[in-house]
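Q: Here it is, the structure in full.
The values are calculated or read from the model by the stated rules, or taken from the named source; none is laboratory data. These figures come from a predicted structure and were not determined experimentally. Quick reminder, even Gly has a Cβ in these numbers, built from the backbone with ideal geometry, and neighbours come from all protein chains shown. Just the protein is used for accessible areas: all its heavy atoms, side chains included, with ligands, DNA and RNA removed. Shrake-Rupley method; radii C 1.70, N 1.55, O 1.52, S 1.80 Å.
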Amino acid sequence: MSIIFSGIQPSGNLTLGNYLGALRNFSKVQEGNECYYCVVNQHAITVPQDPQLLHERTRALAAIYIASGLDPEKSILFVQSEVPEHVQLGWIMTTLAYVGELERMTQYKDKASKRGDSIPAGLLTYPPLMAADILLYQTNYVPVGDDQKQHMEITRDLAQRFNRLYGDVFTLPEILLGHDGTRVMSLQEPTKKMSKSDDNTTATIYLLDNPKDIEKKIKRAQTDSENSVHYDVIGKPGISNLIEILSALTDKTHDQVTEEYAGKGYGVFKKDVADAVVAALEPIQQRYNQLVNAPELDDILEKGAAKAHAKANATYEKAVHAMGLYRK
Ligand code: TYM
């Protein structure tokens, strides 16, 4: 049995990238493991959020977790701000992190470059809080998309730094990457990752998009003029992205997809990609709509926070004792 932890920010509408890179892998590992899945709302506030929207999205994300296959009887679902040890250990991790290593994080550089002189300090100290999320549960594996590799490396570095200084408190976690869909790209600029925060909504498929919009967006996805379906990330990033999406949804290899569409045009291929996306998202949307306003969701999150708190507190107490950060 392993301990699994992952989190998603309620900072926008979830995308097909979030689903293929992270969410769909969460339920695959919940059998036989101890799993913690968190709505990381304290990470979301590292950039300004509208209070009402943040509140709504926190609940919506919890409903999406369940709608996409997490069973609250098997996995522990909770909201980060309801377990205070996250920010408490986050502060300790911040004191161990070096400004230089934080400044080298690509996610920080991307987000900071858009903010001129007013870069929130929390954007810089985001990774130590993420390390705390993971380390509090003595996590073995963290299912995430490819863009979180650097954050996982710094999490391991901080755990090792702490253990070297104060004794063996934290388990070293490993990244758990899926096979395909670990980096879904923008439909309009396929050299850029698909993102919740992209202003161009035609570049992104949202989990709650209706079938017509999904079809339209995929039909208009940027490709090339070759009209030949084969995988070549450098030469054909648009088509390669669509192959990756179809492979992820059908469990077919890139070669199988290429063979299947030999001699067929992009029109047929795109239609099939859209059908596969709609088929995957429709049942999730139905369950989501039943759940999002149900009082049952609050019960689940309250029980989840209590269980997460028990585990997090035990680790936190070990850490503060190891450091001498206590009185009695
Ligand atoms: P976030 O909220 O940006 O994304 C949530 C998950 O979705 C994955 N993802 C993608 N996968 C494939 N293709 C894409 N285009 C794509 N876009 C996003 C992300 O890799 C992620 O797994 N720092 C994290 C949140 C976090 C966290 C944690 C994760 C905070 N604490 C502890 C794991 C463990 C983030 O910004 O995810």
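Q: If you take the residues in region 181-194 that are open to solvent by 20 Å² or more (accessible area, probe 1.4 Å) and near the ligand (Cβ under 6 Å from one of its atoms), which one is nearest to residue 222 (Cα to Cα)?
A: 193
Q: So is residue 49 near the ligand (Cβ under 9 Å from one of its atoms), among the polar types (S, T, N, Q) and either open to solvent by 40 Å² or more (accessible area, probe 1.4 Å) or out of contact with any Leu (no Cβ under 6 Å at 6 or more places or on another chain) (or both) or not?
A: no
Q: Quick check on region 63-79. Is at least one of its residues more than 15 Å from the ligand (Cβ to nearest atom), under 29 Å from residue 192 (Cα atoms) and modelled with pLDDT under 95?
A: The answer is no; no qualifying residue exists.
Q: Right, here's the next one. Any chance you could count how many residues in region 224-260 are open to solvent by less than 50 Å² (accessible area, probe 1.4 Å) and within 13 Å of residue 189 (Cα to Cα)?
A: Residues in region 224-260 being open to solvent by less than 50 Å² (accessible area, probe 1.4 Å) and within 13 Å of residue 189 (Cα to Cα): 8 in total.
Q: Something else now. Taking the criterion of being crowded, with 18+ Cβ neighbours inside 10 Å and at pLDDT below 95, would at least one residue in region 111-125 satisfy it?
A: yes
Q: Which condition number in (1) among the polar types (S, T, N, Q); (2) modelled with pLDDT of 95 or more; (3) open to solvent by 70 Å² or more (accessible area, probe 1.4 Å) is the one that residue 204 fails?
A: (3)
Q: Confirm whether residue 157 is open to solvent by 50 Å² or more (accessible area, probe 1.4 Å) and either of a type in the set (Phe, Trp, Tyr) or away from the ligand (no atom under 12 Å from the Cβ) (or both).
A: So residue 157 passes the test.
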